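Working notes, structure below.
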Amino acid sequence: MAERFTTISDDLARWWEEQPLFFVATAPSGGDGHVNLSPKGLDTLRIVDPQRVAYLDLTGSGVETIAHLRDNGRVTLMACAFNGAPRIARIYGAGTVHPIGSPGFSELAPRFPEIPGARAVIDIAVDRVTTSCGYAVPLMDLVGDRDRLIEWATAKGDDNTVNDLRSALWISKSQTASSMARVLMSAWATGAITGSSAPSAGAWSS
């Protein structure tokens, strides 16, 4: 049976932090964007208090989650039990991005292990929590965490990791305006380009 809460109980907090995998869903404002759904692993999730959750954001092939949070803040986390008692849980709230080097990052980073490639902490103010049965979720055994990202980020070093991420955001002028706008938003979200408001595709014209 599905249940809805306004806070995260101690029991549910322990369950969340035991899960080896969770998912983060965000979407841009307006009707022409798409929902982004990202899997997250390693020891990167913390229940700070009954109405606050934080996770360590690691470098990857894109920054759509950060771009969407800078746009409207809406975020949903989901985890499900792959062994033991069946359960699906979701956390809904408003997310704030604390880039590495910011006061917010410095406040929350000590809660996590030092993981190469960390670029931000996502700080979520929780407004709704739900649980449901999860009877159809398959049973699976965890083999272990992958170490490929850690090895890659360690070899690159912090500065090169950030530079590679920023370089990956840029696209050729031959691509469509909608694709350009999405990448410009991502670049703005990570500081590759600056400004008090998000850029539009027209900001990059020949």
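Here, each number is a calculation from the coordinates, and none is a lab measurement. The shown structure was predicted, so the numbers you read here are calculated from the model rather than taken from an experiment. Cβ coordinates were reconstructed from backbone atoms using ideal geometry, including for glycine residues, and neighbour counts include every protein chain displayed.
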* Rounded to the nearest 0.05, what FRET efficiency do Arg128 and Ser102 have when you use their Cβ-Cβ distance and R0 = 30 Å? -> 0.65
* If you average 1/r over all unlike Cα pairs in the stretch 1-73 and invert the result, what Kirkwood radius do you get in angstrom? -> 14.0 Å
* Structure fact -> Stretched fully, the stretch from Phe23 through Ala85 gains (0.36 nm per residue minus C-alpha distance, one decimal, in nm) 20.4 nm
* Give a quick list of GluC sites (Glu not before Pro) in the stretch 61-125 that DSSP marks as loop, anything other than H, G, I, E or B, with at most 15 other Cβ atoms within 10 Å. => Glu114
* Pop a pseudo-label 7 angstrom from the Cα along the beta-carbon direction at both Arg4 and Gln51 and give the gap in nm to one decimal. => 1.7 nm
* Angstrom value of the Kirkwood radius, inverse mean 1/r, which spans all Cα pairs in the stretch 3-156 -> 16.2 Å
